[in-house]
Structure formats: structure tokens, C-alpha cells
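Here's the structure we're looking at; comments come further down.
The values are calculated or read from the model by the stated rules, or taken from the named source; none is laboratory data. None of these values were measured; they are calculated from a predicted model. Note that we place each Cβ from the backbone using ideal geometry, even for glycine, and neighbour counts take in every protein chain shown. In case anyone asks, the SASA skips ligands and DNA or RNA and just uses the protein heavy atoms, side chains included. Shrake-Rupley method; radii C 1.70, N 1.55, O 1.52, S 1.80 Å.
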Amino acid sequence: FGLRHRGRSVRRARAVFQANEFGLGAFAVGIMLLTHPEREVQWEQLHIDCAGDEFAPGADGDFSCAPVFYFDDGKVEFSAYWFGYAGESFGSASAFLSQ
């Protein structure tokens, strides 16, 4: 859920992934939030960057954003932020392949 890479930008998290680690995409993180709704219930919680996906806001091939789930105004929101943004309340979700 992003705790391992808390406070790092998506770009930095991808750079420091272990050899068997990979970023989770919006679909996987969305499923995790559906099965663990307590994970996003207030603004002060750690919000989740989806480091396994990319987004090109201008649809021009410049994939400079990553999807993000966060809590705001009483509900879970889904958006995309610049992948170089490092906020202390955000962390990139990742998983590991067994070795």
C-alpha cells in the first residue's frame, strides 16, 4: 500500500525498486482498496501512487504522470500526478516476485 516508498516520487521509487520488485497499477491498487476500505478514510492517511502505470495528460506520448488514489472531501478520489512529485503523504505501491 505504499509504505515502503513513502515520501518518494514515483520516478525515485521506480529507480530504487529491488531486482524482484515492481510497481502496482491502478487496477491492482483499486482492488486492494475495495477489499480494504479502511485504508483510505481520512486525509491524514498515506495516499497511494500507482507506480506500475503511466499516464500522458496531453495524449502526446509524454508519459509524465502516474495514477494516484487519495482521500478528499469525504470520499476516495482517483487522479494522476506528475511522476516527479514527492509528497510526504504519498507512497508508491509495489509488490515482489518470489525468488
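Would you check which residues across the range 33-62 are touching a strand residue (DSSP E or B) at 6+ places or on another chain (Cβ under 7 Å), in a loop (DSSP other than H, G, I, E, B), open to solvent by 20 Å² or more (accessible area, probe 1.4 Å) and at pLDDT 90 or above and list them?
The answer is GLY52, ASP53, GLU54.
Could you grab me the full set of residues in the range 63-99 that are of a type outside the set (Ser, Thr, Tyr), assigned to a loop (DSSP other than H, G, I, E, B) and closer than 21 Å to LEU3 by Cβ?
PHE83, GLY84, ALA86, GLY87, GLU88, ALA93, LEU97
Which condition breaks for PRO37 when tested against (1) farther than 15 Å from PHE71 by Cα; (2) without any contact (Cβ under 8 Å) to a residue 12 or more places away in the chain?
Against the list (1) farther than 15 Å from PHE71 by Cα; (2) without any contact (Cβ under 8 Å) to a residue 12 or more places away in the chain, PRO37 comes up short only on (1).
Condition (residue is in a loop (DSSP other than H, G, I, E, B), farther than 22 Å from SER89 by Cβ, open to solvent by less than 20 Å² (accessible area, probe 1.4 Å) and touching an Asp or Glu at 6+ places or on another chain (Cβ under 7 Å)) applied to the range 22-30: is it met by at least one residue?
For the range 22-30, residues in a loop (DSSP other than H, G, I, E, B), farther than 22 Å from SER89 by Cβ, open to solvent by less than 20 Å² (accessible area, probe 1.4 Å) and touching an Asp or Glu at 6+ places or on another chain (Cβ under 7 Å): absent.
Pick from the range 71-93 the residues that are among the hydroxyl-bearing types (Ser, Thr, Tyr) and open to solvent by 30 Å² or more (accessible area, probe 1.4 Å): which of them is nearest to PHE17 (Cα to Cα)?
Restricting to residues being among the hydroxyl-bearing types (Ser, Thr, Tyr) and open to solvent by 30 Å² or more (accessible area, probe 1.4 Å), the top hit is TYR85.
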